[in-house]
1. Hey, any hits in segment D:185-208 for a residue that's hydroxyl-bearing (S, T, Y) and more than 23 Å from C:A274 (Cβ to Cβ)?
2. Going by the structure shown, is A:D175 surrounded by 22 or more Cβ atoms within 10 Å (Cβ to Cβ) and in the same structural domain as A:E257 (by TED's automatic domain parsing)?
3. Identify all residues within segment D:9-26 that are touching a strand residue (DSSP E or B) at 6+ places or on another chain (Cβ under 8 Å) and within 14 Å of chain A (Cβ to nearest Cβ); write none if there are none.
4. I need the full set of residues from segment B:91-108 which are free of Cβ contacts under 8 Å to residues at least 60 places away in the same chain and under 18 Å from the mean Cα position of the chain (by Cα), in order please.
5. Does B:E50 count as touching a helix residue (DSSP H, G or I) at 6+ places or on another chain (Cβ under 6 Å) and within 23 Å of B:G316 (Cα to Cα)?
6. Which condition from (1) part of a loop (DSSP other than H, G, I, E, B); (2) within 26 Å of B:G199 (Cα to Cα) is the one that D:P60 breaks?
7. Could you figure out which of (1) within 29 Å of D:V4 (Cα to Cα); (2) of a type in the set (A, V, I, L, M); (3) outside any loop (DSSP other than H, G, I, E, B) isn't true of D:V154?
Protein chains: 4
Amino acid sequence: MIEVGIVGGTGYTGMELLRLVARHPKLRLAEITSRAEAGTRVDELVPALEGAVDNVFTAPDTERLSRCDVVFFATPNGIAMESAPALLEAGCRVIDLGADFRLRDPAVWTEWYGMSHSCPELLEEAVYGLPEANRDALPGARLVANPGCYPTAVALGLLPLLEAGALADGPVVADCKSGVSGAGRAAKVATLFCEANEGFKAYGASGHRHLPEIEQTLARVAGAPVDVTFVPHLVPMTRGMQATLHVVVDRPLDELEALYRQRYADEPFVHLVASGGHPETRWVRGTNHCRIGLHQPPGRPDRAVILSVIDNLTKGAAGQAVQNLNRMFGLEETAGLEGLAYVP
Amino acid sequence: MIEVGIVGGTGYTGMELLRLVARHPKLRLAEITSRAEAGTRVDELVPALEGAVDNVFTAPDTERLSRCDVVFFATPNGIAMESAPALLEAGCRVIDLGADFRLRDPAVWTEWYGMSHSCPELLEEAVYGLPEANRDALPGARLVANPGCYPTAVALGLLPLLEAGALADGPVVADCKSGVSGAGRAAKVATLFCEANEGFKAYGASGHRHLPEIEQTLARVAGAPVDVTFVPHLVPMTRGMQATLHVVVDRPLDELEALYRQRYADEPFVHLVASGGHPETRWVRGTNHCRIGLHQPPGRPDRAVILSVIDNLTKGAAGQAVQNLNRMFGLEETAGLEGLAYVP
Amino acid sequence: MIEVGIVGGTGYTGMELLRLVARHPKLRLAEITSRAEAGTRVDELVPALEGAVDNVFTAPDTERLSRCDVVFFATPNGIAMESAPALLEAGCRVIDLGADFRLRDPAVWTEWYGMSHSCPELLEEAVYGLPEANRDALPGARLVANPGCYPTAVALGLLPLLEAGALADGPVVADCKSGVSGAGRAAKVATLFCEANEGFKAYGASGHRHLPEIEQTLARVAGAPVDVTFVPHLVPMTRGMQATLHVVVDRPLDELEALYRQRYADEPFVHLVASGGHPETRWVRGTNHCRIGLHQPPGRPDRAVILSVIDNLTKGAAGQAVQNLNRMFGLEETAGLEGLAYVP
Amino acid sequence: MIEVGIVGGTGYTGMELLRLVARHPKLRLAEITSRAEAGTRVDELVPALEGAVDNVFTAPDTERLSRCDVVFFATPNGIAMESAPALLEAGCRVIDLGADFRLRDPAVWTEWYGMSHSCPELLEEAVYGLPEANRDALPGARLVANPGCYPTAVALGLLPLLEAGALADGPVVADCKSGVSGAGRAAKVATLFCEANEGFKAYGASGHRHLPEIEQTLARVAGAPVDVTFVPHLVPMTRGMQATLHVVVDRPLDELEALYRQRYADEPFVHLVASGGHPETRWVRGTNHCRIGLHQPPGRPDRAVILSVIDNLTKGAAGQAVQNLNRMFGLEETAGLEGLAYVP
């Protein structure tokens, strides 16, 4: 069994990790830390885990964590970069579900995250953990930067197009929508039930931290900068994310569909829906899957609308982290990720 | 008092009309028809109206309806066009909340609505009831085509831009989101609570009936065709609609804001939110208001993102119909539309 | 115009008061205080009030408040009792939407609210503002204790039964359900969207502060203590409250219905639904109405189930406060409370 | 592998069965029937099952079904009783998730279900599949009547009390609440999103079909009739059910807790929450677990409030059916039922 540590298990991403680790056939939760909840049983905080998780939260302690084979950071930005060097030094691998190692350029990181990076020397080594784009870099990786939720949904929606050079000149509009769990479990007025329920709004329309990550990923795949506009929105539901991608393309819809179908034929977690279909977030709820639909606006043979849906907490965070771990440790890539969405 | 008739008062648009008419200081509900509910008291079907509406549904009867001063059609497409000529003949005015008189070109109507138009000779006379674009055509109008919900949200978001010629070359992306009430009150599996709750999806991405209406309106205002892509989405909430409009512009954000502020300064129902703000659908719930926010993506001085929110049943349907009636009959434009959204 | 002050306008009860006061024909909002938001425009915090409320929050100041004709306290428990004496002294009337003046016995208050009462001498004067039980005590009252939401729903469901002595021996079970807005607008994890959404739970089953208030009210009406068990639950919706009252009765259902119908015949805000009907909270959303349904379990002629629904923020708080004000100042009891629920 | 057939896989209960069977280590879905969807791939109707279920719906055919080892009926009441005799005759076992075999007395069945029973001779043989009450009758059973959702939640909440004779004289009030999925997947206005969302109501307060089943189960356990009143309510959420049970007891709370803890110590799916806790439906979402909390109203040592929560589609239907199958076929009782609820 691979011994796993989780730093920050009291947020939604950490809770989702707990659920997945608890049922993973090859993982054992050795350590889970929370400064605020040290001494509390995990299943007291998350009663849904009663009978499945016996651990007790401990105060973060690098020495204890470093005995794990791998440590997940499900922490606010800026925490993982403080602890990662010592853990790596001790031979422990690290998967950061935060943003600390996602951007290659520390100056861009500072611009968007408002702090200077404490270990820029690790940025090059860090593998960007989007297996569909980066699968071969994962086995043996010591440090993985788990992608953001929006960048995951956007990148999976555009990968085949960019790899094939089928994107024509013109802006890419990434109009994205997320369930409220993406805002985290911190107590804030804006995410109270009565504030988020029965309403819809955009946020961060003048600039959101996931934009540079999206730009970096698309540019890597395309081999050149991609002109992308990104606007996130908040949907009154707990889980789920959709990227609606409006693009200019160089080929008709049927060829695009063939391209996507072929590109994702062997991917365990990415699927094209039937022609003309609209994927729904509830089909992937609680799973590591991404479902994609392709459309062409009427009378616009040079345009396409790509619909890409994921669960923001699973493929957009904890599920992808487990998928990355599976690759890093040579396990079956789908291990522990076979659960089905409940419908309804 | 103006005597009002409503044809089709059992759907959500009709119910919203009932609520507004019941509290309007100058209107009296003389007639309300429903073939299925003839003989039923209105407040038996809609208990929220108990004490406010005494009427009983009657079977549709042109003779009785024609005694009204004005008749609203809150019916499926294709019904109003069958009855309107006789009512107009009898001196009764007509406001159609359906699509029968929205498109000027009967061939386009047939293409999108799948039936031939029964009174194309009325299409030219019909006033497109978007008061912000068409205010002066309403007084005295006999026949008003009440705009669709998406076309209203999109048009109000783009009017100042188009009128000022500030839209630069490049596609307009209208990524739109609607609450479930837009799908109507017919019993369908797709809009059951357990199907629509906790999920998000696009629909009609390959072509939706509101597209030609949007194109027609934008072209009228701009004086030339506008290249627009329209994708609607379903949000798990009852009421509310947002159009997120991604555009290429010829001037910086502060000038755009000044333009919008000036254009809408005297509009009773359209307001710009504070700079940098994101309007929320819940702020306009149950009201006839539209709130608009303007943003510029970081580092893209030639782009703008326009956020336009309305209540799909009010400004997007019944409220706008009452606003149109007010103009048609020389009443205060805001009469009966002063109700405030409840928050939360 | 009656000059109104509101202390604590940033919670949900205060916002609902603002909405009602803004459209009340005889009230003018003279003063609204909030320590945290002093200097902020009200419509910046509550954009739904833009155009309807011009006020700016001020720091609480007894001198300024005392110039109002009446001051509403929409504050946490323990605040109103500190300020009320000075305001009353200055000739200003007070309506407390909190619990400070609801319980007659200061010892009981201390037991349940954990603080000693600062002006027990006012408790006798304070009128318990449930107009249906206490209408004649309101005109001219200086100090009104606005009832809690649960006590309102329970009392209105039981009034006719208790007044008629139709309650037989046996416990009254008040199984109550509230929307999340009842928990207030303070930032707490337990009322985050993702915690309250898609879940149902009881709370306070071992004792809730509304119990002694319910007992006091029922005892007053019945003229003797009533054996009542009260369990509140949290429903994943924003507004709405239902009390399901399980009672033992001395007469058959048709006589009970006649009793209720007669008792509430002249009440402007309390109505019996049609025989066999189940009232729904959405019928009274945003309104001051209470709707009641009566049922008899099959084969149990001595039992009844009484269903009583209100909007917890309106009849359960701010609407009832306005109704009380209307009575205190000799206005039409329904003034400013004519708004209809929107359906859907 | 055990070959499984499902009759009626297009409702919510059937879909939940599909999810559980698809991941069960010992079951193979051999046959799934639907008259309306014959020829359709299951994963076309339920895209969440793509990759997990390869079957195609077939028209119901007793001959084909009888080749299965066991057939689940997830059908409207009255269907299973028509087909069961032939299947049993052919050596196939039957688990009915409908009501056909739940009531022992065919006259009571007819009274509540409005049809005469077509095979009353099987009623005695049918095992009532509540394993916690009836575990030993399941191995080898040919015909199992899977309990209703409300009867399951109520019975599990009362079992220890009844078995110990700790229920004192006085009525049991079962005030129950269900998510909307309990109403099924048929297209009806009453369960449209816009009708059920943001509202709460009781239904069936004058008599609901689950009452005689509750009475029968409680009487069997108690050895005498139990005086129970049952009122169900509809909660605006998809899944989840709570029974709030108000009872008169003969012993103090700590003894009750000890009683429950001991009674359920070895049950894999029934758990007492920590003292003073309130179980939440979301903790058991999508799982076969029941969580129970015990409370005593303040100052009422002879009363108790028992809170029992389940997922209406899982422990209340399909999960319990699989648990029954596991017992019938000598499998591990928890096989295929280890999935954890996702939180949030």
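1. Checking segment D:185-208: not a single residue is hydroxyl-bearing (S, T, Y) and more than 23 Å from C:A274 (Cβ to Cβ).
2. yes
3. D:G9, D:G14, D:L17, D:L18, D:V21, D:A22
4. Selection gives B:V94, B:D96, B:G98, B:D100, B:F101.
5. no
6. For D:P60, the failing item is (2).
7. With respect to (1) within 29 Å of D:V4 (Cα to Cα); (2) of a type in the set (A, V, I, L, M); (3) outside any loop (DSSP other than H, G, I, E, B), D:V154 is out only on (1).
A quick yes/no check of all residues on (1) outside any loop (DSSP other than H, G, I, E, B); (2) within 12 Å of chain C (Cβ to nearest Cβ):
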residue	(1), (2)
B:G5	yes, no
B:I32	yes, no
B:A38	no, no
B:G51	no, yes
B:D54	no, no
B:E82	yes, no
B:L88	yes, no
B:F101	no, no
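The values are calculated or read from the model by the stated rules, or taken from the named source; none is laboratory data. Just so we're clear, the structure is a prediction, and the values are computed from it rather than from any experiment. Using ideal geometry, Cβ is built from the backbone for each residue, glycine included, and neighbour counts are taken over all protein chains shown.
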